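Here the structure is laid out as structure tokens; the discussion comes afterwards.
The values are calculated or read from the model by the stated rules, or taken from the named source; none is laboratory data. Given the structure is predicted, the values throughout are model-derived calculations rather than measurements. All Cβ positions, glycine included, derive from the backbone under ideal geometry; neighbour counts span all protein chains shown. Note: areas computed on protein heavy atoms with side chains; ligands, DNA, RNA excluded. Shrake-Rupley method; radii C 1.70, N 1.55, O 1.52, S 1.80 Å.
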Amino acid sequence: NGYVRLYNHQIPQKALGHIAPIQALKDWQQQYPERFKKRVYNLAGLDN
């Protein structure tokens, strides 16, 4: 879904310190790598 991708990768969230959810997840993975089985990655920008 395009909106889900936009929300998770592009739109900063106040509750997350004004960063996008994917960036918060990547930061969390760096702090607690043992909690993750897969690498978190940021997808490319929006489709045109």
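A few comments on the model shown:
- Accessible area per residue in Å² at 1.4 Å probe, computed on the chain: 88
- Per residue of the chain, the DSSP helices (runs of n ≥ 4 H) give a summed -39500 (n - 2.57) that works out to -11500 deg cm²/dmol at 222 nm.
- Ordering of 10-22, 26-38 by packing is 10-22, 26-38, highest average first (other Cβ atoms within 10 Å, averaged per residue).
- Remark: the Cα gyration tensor places the chain in the oblate category, a/c being 1.5 or greater and a/b not exceeding b/c.
- Top positive-direction residue, dipole computed over the chain with Cβ charges, set GLN23, GLY2, VAL40: VAL40
- Gain in span if fully extended, ASN1 to LYS14, counting 0.36 nm per residue against the direct Cα distance: 2.4 nm
- Distant-in-sequence amide H partners of VAL40 (H built 1.01 Å from N, under 5 Å): none
- Near the amide H of ILE19, within less than 5 Å, lie the amide hydrogens of GLN13, all on another chain or at least 5 residues away, with H placed in the peptide plane.
- Only the Cβ atoms of Lys and Arg (+1) and of Asp and Glu (-1) were treated as charged; on that basis the dipole of the chain about its Cα centre amounts to roughly 140 debye.
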